């Protein structure tokens, strides 16, 4: 008789046991994945807030050095008595060196180009364009051949990590009018984009009728000067002009994923305007400012989508929306629950998706006389 006992055979997993283990792993992944995604978005949202904070600080540093805030954009039609700009402002433009003329107008610029020296962006400023050396100059249109190397340089601080948008705009895909203007005989190019814009007004409609509808006449329309934002088009703004207070007045906001048109988290067009697309999105573009007055749902559009409120009819329409409804001329982000806004005191607030449109317009205007608490930003 053998003294060695036979070892029992090892028992493997049954098919049922294997399926149970796979199911458990699947459940765990299903439970953990949303948490991981939420953590990643929280990190992206924090990074976006930090980027906007850096932009706000650069604006504040510009004011500290020049004793005035930069224009939200420079888009002047004339060089001597520009329409809509008082002579004192033209004097300020010349004093600050923004007196370069291009085809009978002052050079088109944006606040994001003006604050470059305060953004530690020396490498961008000094970028050389082959055949047109000299670095970036505010005396030349932002699309001038000399400025193209700089304007084609992506600036990480000007982008929100949550945005799915492209990082460049391809001028070959523009409509004929803007393609000629921004590319012309010197060839097509790819300017880099931004997800941030200046808030230059609390209301687009200059008559005040839309303002009075959306604010329910409380307060009444404060006039063109009072409805302007912390930064305004074609204007250097003194801090004294912001009578509502720096902590109550927006200077910048998110307007992400341009040049595509987005409506309520759905991409409507690859380039806003389709085959007639206009230049929209480059960080150097003179149109990087918005008048905040919300959006309305236009059922007559193809496809139905949110559009800017620009008239009494659209202001009175149902289904109005404060933010995150259209990225074409309104505040828009890809963060859940709201979007970031930068204030005149260089702080950054997260504006709730459900913020009252009246409150949003009040904090977009610098002189309406209304008092808005910080808590109202998140309601």
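Read-outs throughout are calculated quantities, based only on the coordinates presented, and are distinct from any laboratory measurement. All values reported here derive from a predicted model rather than from experimental measurement. Heads up, the Cβs are rebuilt from the backbone with ideal geometry, glycines too, and the neighbour counts pull from every protein chain shown.
A few remarks follow.
- Annotation: peptides 155-162, 212-219, ranked by per-residue average of other Cβ atoms within 10 Å with the highest first, follow the order 155-162, 212-219.
- Percent of beta bridges antiparallel (DSSP, the stretch 146-294, rounded to nearest 5): 75
- Highest to lowest packing among 351-357, 256-262, scored as the average C-beta count within 10 Å: 256-262, 351-357
- Mean separation of Cα contacts under 8 Å (6+ apart) over length of the chain, as relative contact order %: 18
- Candidates 255, 130, 107, ranked by Gaussian network fluctuation over the chain, Cα under 10 Å, top entry: 130
- Degrees, to the nearest 10: 15-66 long Cα axis against longest axis of the chain: 20
- Taking 0.36 nm per residue of sequence separation and removing the Cα-Cα distance, the residue 156/residue 345 pair yields an extension gain of 65.8 nm.
- Equivalent ellipsoid of the stretch 126-244: semi-axes from √(5λ) of the C-alpha gyration tensor, largest first, are 36, 17, 16 Å.
- With contributions of -39500 (n - 2.57) from each DSSP H run of at least four residues, the per-residue ellipticity at 222 nm computed over the chain stands at -8000 deg cm²/dmol.
- Equivalent-ellipsoid semi-axes of the chain, from the Cα gyration tensor, Å, largest first: 45, 27, 21
- Where labels lie 7 Å past Cα in the beta-carbon direction, separation of residue 316 and residue 240 in nm: 4.2
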